[in-house]
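Peer 1: Take this structure first; my questions come after.
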Amino acid sequence: MDCRSCLSGLDHCHGTLVVHENGDVGCTETCTSLDPARHRLSLVCADLDGGCPCAADLALVG
């Protein structure tokens with residue numbers, strides 16, 4: 001499969017941007033920048049398969 005962004009020389013990431021409840025962001029790939037504009041896919045951490053530990057941490061605080 002050929003990536004259009006790769007073929008065009010655009011700065012992008014093939015990973016998924018994960019936005020955590022506390023505002024932190026991460027990526028499923030090794031990323032040089034967590035800028036949302038570089039990611040075609042993003043999701044809230046609570047939507048991860050099995051959930052996210054940070055959601056449980058916030059529940060303990062609240």
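Peer 1: List the pairs whose first member sits in the stretch 1-13 and is in a loop (DSSP other than H, G, I, E, B), whose second member is hydroxyl-bearing (Ser, Thr, Tyr) and open to solvent by less than 100 Å² (accessible area, probe 1.4 Å), and whose Cβ atoms are under 6 Å apart, counting only residues at least 6 apart or on separate chains?
Peer 2: His12/Ser5
Peer 1: Quick one: in the stretch 15-44, of everything that is assigned to a strand (DSSP E or B) and under 16 Å from Ser5 (Cα atoms), which residue is most open to solvent (accessible area, probe 1.4 Å)?
Peer 2: Arg40
Peer 1: Filtering the stretch 45-57 down to residues that are not acidic (Asp, Glu) and not in a loop (DSSP other than H, G, I, E, B), which residue is surrounded by the most Cβ atoms within 10 Å (Cβ to Cβ)?
Peer 2: In this case the residue turns out to be Cys45.
The values are calculated or read from the model by the stated rules, or taken from the named source; none is laboratory data. Bear in mind that the values here come from a model prediction, so they are computed numbers and not experimental data. All Cβ positions, even for glycine, are placed from backbone atoms using ideal geometry, and neighbour counts span all protein chains on display. Keep in mind that these areas ignore ligands, DNA and RNA; they rest on the heavy atoms of the full protein, side chains included. Shrake-Rupley method; radii C 1.70, N 1.55, O 1.52, S 1.80 Å.
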